[in-house]
């Protein structure tokens, strides 16, 4: 919890100023507009000191030692992480005698961010209608200086309320898909509450926006915010000027059916290695035990609503168990680090899993115990309870799931022959990988999968078998 500077609260009782947060600041005189907490921000508290230059100042970035005076005009409709309009570095100085700074947004300092050692003088002009998660008008680090004269107006700046780490739906969503088997449509009739938790690249931006982002990338040379490692491919994420994060990488389609796959918006998926952009969005999860979680009997269990990616090799040269698999390592290291913030990871609790497997010689062994932060569903769970057989049929549409645009561009592919996924367009993931093994087949391990129509199928890890096309649908538990 951030501490209040009590001395400022007593010595400067006018700190009911709209949208300014201070750390080591001695302002002169300001108008009393509306209440704002006076908080002490350490120089590295926001993370700006280690952040790339591209995240600082939506319109103006003042390098160390630079000076800038604003006598008039308007700076508006800009966005960045630190300083929606202006970022003032150490030993840099900004003076405002007139003009307007308005309608800018940021995470820290909707209008202006003053770093430690920076100097900001507001003797005139207007700062209004800016917004930020912290300090909607001006954010000042400890060691920064802010001076505000009586001729300045700072009004109607608003705090952007933080979204909860987990957003739980009030309504329920149909689990699974509408599966057309033998001409008879079938649905699961199971409705579950959902949650938004973590983020991942998912939706293709469309051809027009793809061209805009690629031009911006080529001309601006932005700094990558995050790297998504998907098998042998990497995708770099960048903060665009609209405040959204987009992932850029090389299309990696797998098209054994030789058909024209389409993204969610109807755009045809390229068949070459074109550079594509995908929006980084909250991950939607089904809450599998909502009632028991509400009653305090169990920790929340989440199952991804759609397959998020493919292109992750399960085995190493066909020799594999869940415990030593490349898949388990990727989920608990790469995906875990890339999809969740530190605060989100603090909510994830390890799950003790029992999974059958094989030695390197493929002799059957007892199920191994693993502690996993993120894992795949096993064959027993996916065939019981809400996922169990219906009317004696071997398939259950509750097991089927959609496939994200990003997943299709990462070696997994959809099944789209008369099966319409209810809540994610018309694409159903052709194969979902499970973590369970079904036995020894000709000297090769056999893994269980969920086929597109909701039946459990074994896939043999024989020479030439490419398990990377399997869609990945994670499971995890939260302590909330």
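Per-structure values
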{"quantity": "Failed condition for residue 107, given (1) over 14 Å from residue 86 (Cβ atoms); (2) more than 25 Å from the chain's Cα centre (by Cα)", "calculated": "(2)"}
{"quantity": "Residues of region 424-448 satisfying the condition of being modelled with pLDDT of 80 or more and closer than 18 Å to residue 254 by Cα", "calculated": "428, 429, 430, 431, 432, 433"}
{"quantity": "Residue match in region 355-370 (condition: part of a loop (DSSP other than H, G, I, E, B) and modelled with pLDDT of 75 or more)", "calculated": "no"}
{"quantity": "Subset of region 458-478 that is at pLDDT below 95 and assigned to a loop (DSSP other than H, G, I, E, B) - its residue that is nearest to the chain's Cα centre (by Cα)", "calculated": "470"}
{"quantity": "Within region 263-275, tally of residues that are outside any loop (DSSP other than H, G, I, E, B) and farther than 17 Å from residue 213 by Cβ", "calculated": "1"}
{"quantity": "Subset of region 81-100 (residues that are closer than 18 Å to residue 159 by Cα and assigned to a loop (DSSP other than H, G, I, E, B))", "calculated": "83, 84, 85"}
{"quantity": "Test: residue 194 is in contact (Cβ under 8 Å) with a residue 60 or more places away in the chain and over 24 Å from residue 340 (Cα atoms)", "calculated": "no"}
{"quantity": "Matching strands (runs of 3 or more DSSP E) fully within region 118-162 where at least 3 residues are within 31 Å of the chain's Cα centre (by Cα) and closer than 15 Å to residue 86 by Cβ", "calculated": "138-140"}
{"quantity": "Residue within region 310-320 that is outside any loop (DSSP other than H, G, I, E, B), modelled with pLDDT under 95 and farther than 28 Å from residue 190 by Cβ present", "calculated": "yes"}
{"quantity": "Region 241-262, subset assigned to a loop (DSSP other than H, G, I, E, B) and at pLDDT 85 or above, residue nearest to residue 57 (Cα to Cα)", "calculated": "244"}
{"quantity": "Any hit, region 278-288, residues being assigned to a loop (DSSP other than H, G, I, E, B) and at pLDDT 95 or above", "calculated": "yes"}
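Matching residues to (1) surrounded by 14 or more Cβ atoms within 10 Å (Cβ to Cβ); (2) touching a helix residue (DSSP H, G or I) at 6+ places or on another chain (Cβ under 9 Å); (3) assigned by TED's automatic domain parsing to the domain that holds residue 210:
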| position | (1), (2), (3) |
| --- | --- |
| 242 | no, no, yes |
| 256 | no, yes, yes |
| 270 | yes, no, yes |
| 278 | yes, yes, yes |
| 299 | yes, yes, yes |
| 304 | yes, no, yes |
| 307 | yes, yes, yes |
| 313 | yes, yes, yes |
| 331 | yes, no, yes |
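The values are calculated or read from the model by the stated rules, or taken from the named source; none is laboratory data. Quick caveat: nothing in here was measured; it's all calculated off a predicted structure. Every residue, glycine among them, receives a Cβ derived from its backbone with ideal geometry; neighbour counts consider all protein chains shown.
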